[in-house]
Amino acid sequence: MRDSLFKKEERTAYIVLVAPALLLYLFVMAFPTVFSVFLSMSTYRGGRVLDLKNHGFGGLAAYREIFTDPFFFVALKNNIYIVLISVFGQIPLGFILAYILSRGLIKKTGFFQTMIYLPNVISAVIIGILFSRFFLGSHSLWLEIVRMFFNPEAIYIPSRMDIIPVLVVILWMYTGIYMLIFLANLQKIDTSVIEASKIDGATEMQTLRYIILPALSGVIVTCAILAISGSLKSFDLIFVMTEGRPADSTSVLSIYMYKKAFRQAPNYPVANAISTVMVIICFILIGVTRFTEKRFSSGD
């Protein structure tokens, strides 16, 4: 009797503690996601969004529309570039900087740590406005670089190079986050293990390969997931810098979705179809990341 009463009280306590978080998740995350998929298959064009009379069944028409729109693939290509510069640029560079600072290979580590992380303190809107002055316009720094190294007679940036300034700013702005994450986790590694490896004759590269990197494998995967999800939803910096110009050559999926939803004639099914595709791509990339991490882990 006492055991059953205890189990009942325990079950009640679990429900009371879990219910608020579960309800919050259902209303803030699950319901909007499911409703977004519903909207992408409807013919909704305005009015009360929860009134089913304003919705008709459109099937996969919105998905067909985005997959036949060349601007969708331009935005997707730019998002892939951002994912690549984030995963293979920000994370390795952040790790290298963190390793240099944690190992004391340079002096005044506090100063360099602050300066590297500083761009994350500044608003993305301010950074976007600042760098738009450097990279846009007929007298921009980027156009001068193109004239100096590629074409002395250039009067505009080739469309294939429009996204490069955005990638440079993203690399500069967000590397500090990963540096800080790696720096915090490098400090958790037992220094006695590293010192023992040094006594046994291990070089710096051997210590890095066989001790430090395996200890940070989980952190690297976490950083990759953060980089992928952040890259796919990037909006504010690019919107302020270029707004997708010129001719949508710097557009990304979030800007493409914004224009479909809120510019000219709003097309809500198409906008929600784009968001659904973004979520699917994000899940696929995260799945590939986890599969790769397990493959390498099992290989070790």
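The values are calculated or read from the model by the stated rules, or taken from the named source; none is laboratory data. Bear in mind that the values here come from a model prediction, so they are computed numbers and not experimental data. No Cβ is skipped: glycine too gets one built from the backbone with ideal geometry, and neighbour counts run over all protein chains shown. Just the protein is used for accessible areas: all its heavy atoms, side chains included, with ligands, DNA and RNA removed. Shrake-Rupley method; radii C 1.70, N 1.55, O 1.52, S 1.80 Å.
Here each label is just a point 7 Å from Cα along the line to Cβ, and for L60 and L17 those points are 4.5 nm apart. Tell me, what is the FRET efficiency for Q264 and K233 to the nearest 0.05, using R0 = 22 angstrom and their Cβ-Cβ distance as r? FRET efficiency, Q264 to K233: 0.45.
The loop-placed trypsin sites (Lys or Arg not before Pro) in the range 93-186, going by DSSP, that have at most 14 neighbouring Cβ atoms within 10 Å of their Cβ come out as K107, K108.
Computed from the Cα positions only, the extents of the chain along the three principal axes stand at 89, 74, 36 Å, in decreasing order.
Under a 5 Å amide H cut-off, with hydrogens placed 1.01 Å from N, S42 pairs with G58 among residues at least 5 apart or on other chains. Note that the range 76-221 presents 59 Å² accessible area per residue, ligands and nucleic acids not counted, probe 1.4 Å. Each part reduced to its alpha carbon centroid, the range 185-250 and the range 90-138 end up 14 Å apart.
For the peptides 199-212, 162-175, the ranking by packing is 162-175, 199-212, with the highest mean count of neighbouring Cβ atoms within 10 Å listed first. The phi-based Karplus calculation (6.51 cos²θ - 1.76 cosθ + 1.60; θ = phi - 60°) puts the 3J(HN,Hα) values of the range 111-119 at 5, 5, 4, 5, 5, 5, 7, 3, x Hz, whole numbers, x for Gly and Pro. Shape of the range 141-300 from its Cα gyration tensor (a ≥ b ≥ c, root eigenvalues): rounded if a/c is under 1.5, otherwise prolate when a/b > b/c, or oblate? Cα axes put the range 141-300 in the oblate bin. Here the Karplus curve 6.51 cos²θ - 1.76 cosθ + 1.60, taken at θ = phi - 60°, turns the phi angles of the range 87-103 into couplings of 6, 9, x, 5, 5, x, 5, x, 5, 4, 5, 5, 5, 4, 5, 5, 8 Hz, with x standing for Gly and Pro.
The modelled label-to-label distance between F150 and S123, using points 7 Å beyond Cα along the C-beta direction, is 3.2 nm.
Between F27 and F134, the simple label model (points 7 Å from Cα in the Cβ direction) yields a spacing of 4.4 nm.
Fully extending the segment from Y210 to F73 would add 45.2 nm, taking 0.36 nm per residue of separation and subtracting the current Cα-Cα distance. When each of the peptides 67-73, 272-278 is scored by the mean number of other C-beta atoms lying within 10 Å of its residues, the order from highest to lowest reads 272-278, 67-73. Expressed as a whole percent, the accessible area of the chain that falls on carbon and sulfur atoms is 69 (1.4 Å probe).
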